[in-house]
Amino acid sequence: MNTTPASPAPEGGAAPAHSERPAHIPRPASEHELVLKVIPMPADCNPNGDIFGGWVMAQVDLAGSVLPARLAQGRIATVAVNQFIFKQPVRVGDILSFYATLTRIGKTSITVQVEVYAERFAAQGSYVKVTEASLTYVAIDEQGRPRPVPK
């Protein structure tokens, strides 16, 4: 796992069209899929003028659920936040891009890695990794009990 902020310099050429990753965002070790884009607003700020960490966490949970929901073909629930790292502050007007990849598929659970990049409002075209997280979701039935993930 990369623990240094992403550099806006190109790495490895242009991204394939299916990934929708701008060519100047470095690729993680495994290919991620763009699952969410959002712009935080002034109402999402803490008293310091940065976006609330809890707001970012909620967006990561939404983004992280996209691939497991597709795979589970039904209801899922977040059962664990295995790791959550805030690398840089998020600011009002940043365009946030959330990339997810499946890292583990168990009998009833699915673990996902989410990376969040900010395109700074004041520096369009410049990206920085602001957050990374690992979350686990479980497939559930109508009564909220774990069920097998379809193979």
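The values are calculated or read from the model by the stated rules, or taken from the named source; none is laboratory data. Please read these numbers as outputs of a predicted model, since none were measured by experiment. Cβ sites come from the backbone with ideal geometry, for glycine too, and all protein chains shown count toward neighbours. Ligands, DNA and RNA are excluded from the accessible area calculation, which covers all protein heavy atoms including side chains. Shrake-Rupley method; radii C 1.70, N 1.55, O 1.52, S 1.80 Å.
General remarks:
- Residue tally, condition among the aliphatic types (A, V, I, L, M) and not in a strand (DSSP E or B), over the range 117-142: 2
- Flag if Arg104 is open to solvent by 60 Å² or more (accessible area, probe 1.4 Å) and modelled with pLDDT of 95 or more: yes
- Scan of the range 37-74 for residues that are open to solvent by 40 Å² or more (accessible area, probe 1.4 Å) and closer than 13 Å to Ala118 by Cβ, ordered by number: Lys37, Ile39, Asp50
- Where Thr111 falls short, out of the listed (1) within 19 Å of Arg75 (Cα to Cα); (2) open to solvent by 40 Å² or more (accessible area, probe 1.4 Å): (2)
Rundown of residues vs (1) modelled with pLDDT of 95 or more; (2) within 19 Å of Val38 (Cβ to Cβ); (3) open to solvent by 60 Å² or more (accessible area, probe 1.4 Å), yes/no style:
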{"site": "Ala77", "(1), (2), (3)": "yes, no, no"}
{"site": "Arg91", "(1), (2), (3)": "no, yes, yes"}
{"site": "Ala122", "(1), (2), (3)": "no, yes, yes"}
{"site": "Thr136", "(1), (2), (3)": "yes, no, no"}
{"site": "Pro146", "(1), (2), (3)": "yes, no, yes"}
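- For the range 44-93, taking the residues that are in contact with a strand residue (DSSP E or B) (Cβ under 7 Å, 6 or more places away or on another chain) and basic (Lys, Arg), the one that is farthest from Thr108 (Cα to Cα) is identified as Arg91.
- Long-range neighbours under 6 Å by Cβ, at least six apart or interchain, first residue on the phi > 0 side of the Ramachandran plot and among the β-branched types (Val, Ile, Thr) within the range 104-127, second modelled with pLDDT of 95 or more and open to solvent by 30 Å² or more (accessible area, probe 1.4 Å): none
- Pairing residues of the range 63-80 that are in contact (Cβ under 8 Å) with a residue 12 or more places away in the chain with residues that are open to solvent by less than 20 Å² (accessible area, probe 1.4 Å) and assigned to a helix (DSSP H, G or I), at Cβ distances under 9 Å and at least 6 apart in sequence or on separate chains, gives Ile76/Pro68; Thr78/Gly64.
- Across the range 107-120, the qualifying residues are those that are of a type outside the set (Gly, Ala, Ser) and more than 16 Å from Leu36 (Cβ to Cβ), and the one among them that is modelled with the lowest pLDDT is Arg120.
- Checking each residue in the range 75-107 for being among the charged types (D, E, K, R), within 26 Å of Ile51 (Cβ to Cβ) and in a loop (DSSP other than H, G, I, E, B) picks out Lys87, Asp94.
- For the range 21-32, the criterion of being in contact with a helix residue (DSSP H, G or I) (Cβ under 7 Å, 6 or more places away or on another chain) and modelled with pLDDT of 95 or more is met by none of the residues.
- Residues being farther than 16 Å from Phe121 by Cβ and in a strand (DSSP E or B) - total across the range 39-58: 0
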